[in-house]
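Engineer: What follows is a single structure, and I will ask about it in a moment.
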Amino acid sequence: MTFERREVTRRSDGSRRPLLSGLLSDGTATVRFTWWDPPREGIERGVVLRAVGAEVREFRGRPEVTFTWKTRVAPASPAELPRVDSEEMPFRLVQELRPSDEGFRIELRIVRVAAKTVTVGAERRVVHEGLVADRTGTIALSAWSDFGLKVGEAVRIAGGYVRGFRGRPQLVLDERSSVVRIDGTDLPDPAQLLRAPPRSIAEVEEEGGGEAVAVEGVVVGLLPPSGLVYRCPTCQRSVRSGICRIHGQVDGQPDLRARIVLDDGTGALTVNANRTETEKLWGVTLAEAQARLRNQPDPSLLEEEILETLLGRRLRVRGAGTKDEFGVTLTPETIDRVDIDLDSAAEELSARLGERE
Ligand SMILES: [Zn+2]
């Protein structure tokens, strides 16, 4: 459960009455609840309760639960939560999933999965992140339990839920979710998904990005910060004048990046190239860039050099795209140079740049 605590004034005698309200979930559904005169202590987010004699009412077509003086509420163990019979859960498709959906079954192909250690509060936890797909689309996956997922496997998942993460839905699995291996003959194969031909940037923009986006276009510019940047050793945020906005004064670690503006004639998007990708595209390593900076201590010259190298180059980029008010940003998995006739590329580029002025 999640909740907030507040007090309301009773109309009859003006006395203050404590109230707890929030959301309760048993894994099959989530309902709003109101708890009159709750205990002062012992209620925390995630606690499991057993309530006998709760009132259930309907509000705007959704059930709501109220705990009154007649309700007996006691702590319970997570094992007492109903073993949700996954056979009763409806089947859903990827394109139907929306944030806060739960209590469904879904059949998916594992396109990508990798373990990652993250810090949650004071705890270090392993999360298995990846990408899953059915024939209607792809969705990011975040599994907080190890289900031994492998790329290429077809699975039937029950008891997961959907949350919004960086503007895109993400399927979350935890220890209450179940994963069963299936045949999955009607599910797309991962290679096919990752090989999909590039689509127009206008289309990608209209769909708000996507988990496995492929586009092809010409480099028309770079956005700041590009070139040599310094990062906080703790949180990886870029550091300005030795100051991280979270960790204060830090010893910034050098890094290379390029925020590439790619245009395919239908629209433009930003490709966030990391150090390895920038080194490969630019042909200059981080160490070499630092050496150049010692001779010529103006970092903006490095950015200009990168721009000179990349401008007009045709790239095919695959990766995950998110959209915000500045448009679509791609976090690339692969960036490939597409060789083209240089004269026609230059013409195409000048025509495009001309169009924008
Ligand atoms: Zn920091």
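Engineer: Which one of Leu310, Val31, Val151 is farthest out on the positive end of the charge dipole of the chain, using unit charges on Cβ (Lys, Arg +1; Asp, Glu -1) and the Cα centre as origin?
Structural biologist: With unit charges placed on the Cβ atoms, the residue in question is Val31.
Engineer: Per the Kirkwood treatment, what hydrodynamic radius in Å, one decimal, follows for segment 39-190 from the mean inverse distance over all distinct Cα pairs? Walk me through the numbers before you get to the answer.
Structural biologist: Details: mean 1/r = 0.0568 Å⁻¹.
Hydrodynamic radius (Kirkwood, Cα only) of segment 39-190 equals 17.6 Å.
Engineer: Please sort 250-261, 112-123 by packing, taking for each peptide the average over its residues of neighbouring beta carbons within 10 angstrom, highest first. Don't jump to the answer; show the numbers that get you there.
Structural biologist: Details: 250-261: 18.8, 112-123: 10.5.
The packing order, highest mean first, is 250-261, 112-123.
Engineer: Further question: With all protein chains present, how much of the accessible area of the chain (probe radius 1.4 Å) comes from carbon and sulfur, to the nearest whole percent?
Structural biologist: On the way: 10010 of 20810 Å².
Carbon plus sulfur share of accessible area: 48 percent.
Engineer: At 0.36 nm per residue, minus the direct Cα-Cα distance, what do Asn274 and Arg181 gain on full extension? Give it in nm, one decimal, please.
Structural biologist: On the way: separation 93, 0.36 × 93 = 33.48 nm, distance 3.54 nm.
Length gained between Asn274 and Arg181: 29.9 nm.
Engineer: For segment 209-297, what is the accessible area per residue in Å² when the probe is 1.4 Å?
Structural biologist: Details: 4300 Å² over 89 residues.
Heavy-atom SASA per residue in segment 209-297 reads 48 Å².
Engineer: Please work out how much length the chain gains when fully extended from Glu333 to Arg245, using 0.36 nm per residue of separation minus the C-alpha to C-alpha distance, in nm with one decimal. Present the calculation step by step, with values, prior to reporting the outcome.
Structural biologist: On the way: separation 88, 0.36 × 88 = 31.68 nm, distance 2.84 nm.
28.8 nm is the gain from fully extending Glu333 to Arg245.
Engineer: Using helices alone, I'd like the mean residue ellipticity at 222 nm for the chain: each DSSP H run of four-plus residues gives -39500 (n - 2.57), total over residue count, nearest 500. It would help to have the intermediate numbers written out before the result.
Structural biologist: Values: 6 runs with 56 residues, N = 357.
One gets -4500 deg cm²/dmol as the mean residue ellipticity at 222 nm.
Engineer: Cα axis of helix 286-295 to longest principal axis of the chain: angle in degrees, 0 to 90, nearest 10?
Structural biologist: 60 degrees
Engineer: A further question follows. Under 27 Å from the Cα of Lys116, which lysines turn up, not counting those fewer than eight places away in the same chain?
Structural biologist: Answer for Lys116, where 27 Å is the Cα cut-off: Lys150, Lys280, Lys323, listed by chain and number.
Engineer: Got the relative contact order for the chain handy, in percent, Cα pairs under 8 Å and 6 or more residues apart? Walk me through the numbers before you get to the answer.
Structural biologist: Values: 735 pairs, mean separation 37.3, N = 357.
For the chain, the relative contact order is 10 percent.
Engineer: Grab the Cα-Cα distance for Thr68 and Asp13, subtract it from 0.36 nm times how many residues apart they are, and report the gain in nm with one decimal. All intermediate terms of the calculation are to be shown ahead of the outcome.
Structural biologist: Values: separation 55, 0.36 × 55 = 19.80 nm, distance 1.86 nm.
This chain segment gains 17.9 nm when fully extended.
Engineer: So what does Val94 come to for accessible area, using a 1.4 Å probe and Å² rounded to 10?
Structural biologist: Approximately 10 Å² of Val94 is accessible to the 1.4 Å probe.
Engineer: Note the angle between two axes, namely the Cα long axis of helix 342-356 and the longest principal axis of the Cα atoms of the chain, as a number of degrees from 0 to 90, rounded to the nearest 10.
Structural biologist: 60 degrees
Engineer: Straight-line reach from Lys70: which aspartates and glutamates fall under 12 Å, measuring Cα to Cα and dropping same-chain residues less than 8 apart?
Structural biologist: Cross-link targets: Asp37, Glu55.
The values are calculated or read from the model by the stated rules, or taken from the named source; none is laboratory data. It should be emphasised that the depicted structure is a prediction, and the values quoted were computed from it without experimental measurement. When we count neighbours, we look across all protein chains shown, and the Cβ atoms used for this are built from the backbone with ideal geometry, even at glycine. What goes into the accessible areas is simple: the full protein's heavy atoms, side chains included, and nothing from ligands, DNA or RNA. Shrake-Rupley method; radii C 1.70, N 1.55, O 1.52, S 1.80 Å.
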